[in-house]
Structures are given as C-alpha cells and as structure tokens.
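Every number here is computed from the coordinates shown, using simple stated rules; none is lab data. Remember, predicted model here, so these are calculated numbers, not experimental data. Glycine gets a Cβ as well: all are built from the backbone with ideal geometry, and neighbour counts include every protein chain shown.
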Amino acid sequence: MKQNIKAIALFLFTTSFLISCSSDDTAAIDENTFGEAQLYFDNGVNGDKLILGASYTNSNNERLTINRLNYIISNIIFIKSDGTEYVYPKNKSYFIVSEESGINMINLTDIPAGDYKQIKFGLGVDNQRYLEGETAQQEFWDYATSLDMVWTWSTGYRFINFEGTFTSDSNPESINFQVHQGSNSATDNYREIMLNLPTTARVRMGDKPSIHIIADANVILDGINKIKLSDNINQAGTSAAIMGGENLVKIAANTQAMFKVDHVHNGSGTEH
C-alpha cells in the first residue's frame with residue numbers, strides 16, 4: 001500500500017513539474033510589456049581564457065604576450081525566429097568592452113517582450129554615426145578617450161585596441177606590437193556580426209536573459225587571414241604596428257568570426 005501511495009505521489013509530482021515547465025515555455029507574450037537583457041563578453045585566446053600578461057602561441061609560430069584588448073560594440077539588434085527585428089535605440093547603442101578595465105558586461109533596457117533567436121551588432125562605430133559630428137556623440141567620445149579608443153577627432157575611433165609584445169623565430173627578443181582597427185580615408189573597417197543563439201532569449205517583464213558571448217582574440221591575426229607581426233616591424237626594429245593598409249582590411253574580415261554565443265541564461269535576476 002505504501003509503495004502505491006509513493007508511486008501515485010511521484011506521478012503527481014512529475015506531472016505537475018512537466019506541466020509547469022511546459023507552461024513556462026509556451027506562456028503567452030504580452031506584446032505591450034518590456035524587459036531587459038544582458039550581454040556578457042568572455043575574452044579568450046584560441047580556446048583558453050585571456051589573461052593579460054600571459055603568453056599564447058598562434059599558428060604563425062609567434063608568441064604573443066597580450067597586455068590590452070578593448071573593442072567597441074554598437075548598433076545592437078535582437079531578431080525573432082520569424083525575422084522580426086528590434087533595433088536598440090541608436091543613440092544608446094555604443095559600448096566598450098575592456099579587459100584591462102574589467103568591463104565585460106552590457107546591460108540593455110526597455111526591450112519589447114519576446115522570444116529572440118539571433119543577435120546582431122557592429123564592431124566599431126559606423127560611418128553614419130561618426131558623420132553626425134563630435135557634438136552629437138560627445139559623451140561616448142569622452143568615454144572612449146578615457147579607455148584609449150580614439151585617435152584625434154579627424155581620424156576617429158579605434159574599433160579594436162589590441163596590444164602587447166611578441167617573439168618569433170626571426171625575432172627572439174621581445175618586441176612591442178599594436179593592432180588598432182578603425183576606419184580611415186581609404187577603407188571603412190566597421191563590420192557587422194550576426195550570431196545565432198543556442199537557446200531562445202526570453203525577454204519578459206521581470207526576466208532578464210543573459211547572453212554569454214565568447215570573443216577569441218587569436219582570430220584578430222590568426223583567422224581566415226594569417227598576418228605575421230614579424231612582417232610589420234618598423235625600420236628601427238623596435239615595434240610592429242598595424243593601423244591601416246591592406247592588413248587592416250584583412251583583420252576586419254578576421255574579426256567577423258571573432259565572436260560566438262556560448263550559452264543563454266533565462267529567468268529573473270540571471271547573470272552570465
């Protein structure tokens with residue numbers, strides 16, 4: 001008898017649990033409500049966690065000690081399974097991820113409630129925004145200046161600031177390197193990134209999905225285009241810098257494969 005009672009209790013609990021889960025997953029969405037979302041960027045190097053000051057060897061057989069990785073994320077768009085897009089307000093859609101400053105999280109508010117399957121964002125500052133002039137973006141310009149993400153106003157923003165030292169077979173002594181991706185008079189190096197979400201991001205009033213994005217710094221030089229720092233050393237032999245030219249266009253192509261979504265947390269008060 002006791003076994004029968006336990007079996008019935010277990011059945012009722014399991015049924016209740018399944019109904020509860022089903023109800024949560026299929027609950028009607030109130031289109032007139034809004035919620036929040038969080039993007040968390042976890043910087044790594046070819047599958048390893050990025051630790052500033054640590055060394056990593058790439059397929060070019062160059063050993064990099066990375067001291068800085070900062071980049072601009074902009075123009076965020078949430079996309080539903082039917083292709084419907086929510087474009088985050090442009091005047092609020094410019095952010096900086098900075099490993100050295102411990103800035104890895106972007107919090108977004110007032111997003112229409114819905115189930116989102118993709119996210120799209122820009123890497124850098126688009127030309128349309130830049131041409132609005134310094135006054136229109138003074139707050140973000142000052143913020144970017146404080147994180148070493150600008151040149152002068154006439155030359156604009158650094159979309160990526162990637163720096164450190166390196167050695168190679170031809171250069172056994174440590175040499176400084178700088179990779180600054182940005183647009184210039186010759187090329188527009190702003191790029192858009194589209195990412196599929198492995199789990200639906202469920203935005204609801206009181207619920208905040210956290211989208212965990214891995215950024216692979218190795219891809220900057222060691223992606224579909226292989227770029228050797230040792231081929232970019234100055235005549236004095238003191239440093240290697242890539243801030244323009246054909247290599248910067250190749251780097252911009254590499255960075256389109258720099259990001260992937262690792263997982264999504266759903267629920268109230270979720271973090272990465």
> Between residue 104 and residue 31, what is the spin-label point distance in nm, taking each point 7 Å from the Cα along the Cα→C-beta axis?
Replying inline: 3.9
> Using 7 Å Cα-to-Cβ label points, what is the residue 186/residue 81 separation (nm, one decimal)?
Replying inline: 4.7
>> Tell me which chymotrypsin sites (Phe, Trp or Tyr not before Pro) from segment 174-263 have a DSSP coil assignment and no more than 10 other beta carbons within 10 Å of their own.
In response: none
> So for the pair residue 143, residue 238, with labels modelled 7 Å out along Cα→Cβ, what separation do we get in nm?
Replying inline: 3.5
>> Could you tell me the calculated FRET efficiency between residue 224 and residue 194, based on Cβ-Cβ distance and R0 = 22 angstrom, to the nearest 0.05?
In response: 0.85
> Of 92/260; 49/260; 92/120; 117/250, which pairs sit farther than 20 Å apart, going by alpha carbon to alpha carbon?
Replying inline: 92/260; 117/250
> Using Cα pairs under 8 angstrom and six or more residues apart, how large is the relative contact order of the chain, in percent?
Replying inline: 23
> How much FRET efficiency would the formula 1/(1 + (r/R0)^6) give for residue 52 and residue 92, where r is the Cβ-Cβ distance and R0 is 30 Å, rounded to 0.05?
Replying inline: 0.55
>> Using helices alone, I'd like the mean residue ellipticity at 222 nm for the chain: each DSSP H run of four-plus residues gives -39500 (n - 2.57), total over residue count, nearest 500.
In response: -5500 deg cm²/dmol
>> Given N residues in the chain, what is its alpha carbon radius of gyration divided by 2.2 N^0.38 Å?
In response: 1.23
>> Defining a contact as two alpha carbons under 8 Å apart and six or more residues distant in sequence, what relative contact order in percent does segment 77-185 show?
In response: 20
> For residue 256 and residue 153 in one chain, what is 0.36 nm times their gap in residues minus the Cα-Cα distance, to one decimal in nm?
Replying inline: 34.5 nm
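Name the longest site-free stretch of the chain, where the excluded sites are GluC sites (Glu not before Pro) in a DSSP loop with no more than 12 other beta-carbon atoms within 10 Å.
Longest stretch, sites excluded: 32-131.
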